[in-house]
Amino acid sequence: MNLLNSILIILASLIGVYMECTFNGFRHLFGAQLDVLPPLMVYAALRTNPAIMAILAVTGGLCFDSLSANLLGVSTLPLYLVSLAVYSRRGLILQEQFYARFVLGAAASAIVPVLSLLLLLSTRQSPIIGWGSLWQWVVMGVGGGLMTVACFWIFDWLNGALNYHPVAQSSFRQDREIARGRN
């Protein structure tokens, strides 16, 4: 993972948080807003190092909290904990499988709001929780799984398009002659 990919991931988190807070079409259609940060954290956990994961969790979490009704910094710890859990087991995860990406994204998108809610409740805040919250949680989980698959597709395409990939050297030299026939 090079510096360009890390910058693109952090830039995507900032643009995603801004779009999430300004575009209300999905919220009006399904009654819940998708969260962009957990899918990006899963991608960062599988493709980058813990330093980039921490930078992404802090910048994305603080931007999300500043544009929402959350206390400032509440989203940062759940985002980092989820990415750290994925990072610690990334050698065992089938990273190239569609199903594994979907399940990781759905799980992260379901766990981050629960951890954020627990942090809010521990600070004696009173968030609005009801039966509609269950529907929002399911929509966020399924949508997060689909967004994780899309993140992998987009960032892998950008990686192939913008990064230099050295050509593997062959042991066959182009300038040698092959003697054919009987000698």
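Every read-out reported here was derived from the displayed coordinates using simple, explicitly stated rules and does not represent laboratory data. Model, not experiment: these values are computed from the prediction. Glycine gets a Cβ as well: all are built from the backbone with ideal geometry, and neighbour counts include every protein chain shown.
A few remarks follow.
- The mean sequence separation of alpha-carbon pairs under 8 Å and at least six residues apart, normalised by the residue count of the range 3-161, gives a relative contact order of 28 percent.
- Rounded tilt (10° steps) of 37-47 against the dominant C-alpha axis of the chain: 30
- 11 Å beta-carbon shell around SER116, net charge (K/R +1, D/E -1): -2
- Cα-based values for the range 3-161, radius of gyration first and Dmax second, are 14.8, 48 Å.
- Cα centroid separation - the range 1-58 against the range 93-157, whole Å: 12
- Cα lying deepest toward the dipole's positive end in the chain, options GLN97, ALA85, ASN70, charges on Cβ: GLN97
- What the Cα atoms of the range 90-183 give is an Rg and a Dmax of 25.1, 91 Å.
- With respect to the chain, whose longest principal axis is taken over its alpha-carbon atoms, helix 98-122 is tilted by about 30°.
- Sequence-separation-based contact order of the range 78-183, relative, with Cα cut under 8 Å and 6+ spacing, percent: 32
- Helix 3-22 vs. the chain, principal-axis angle (Cα, 0 to 90°, nearest 10): 30
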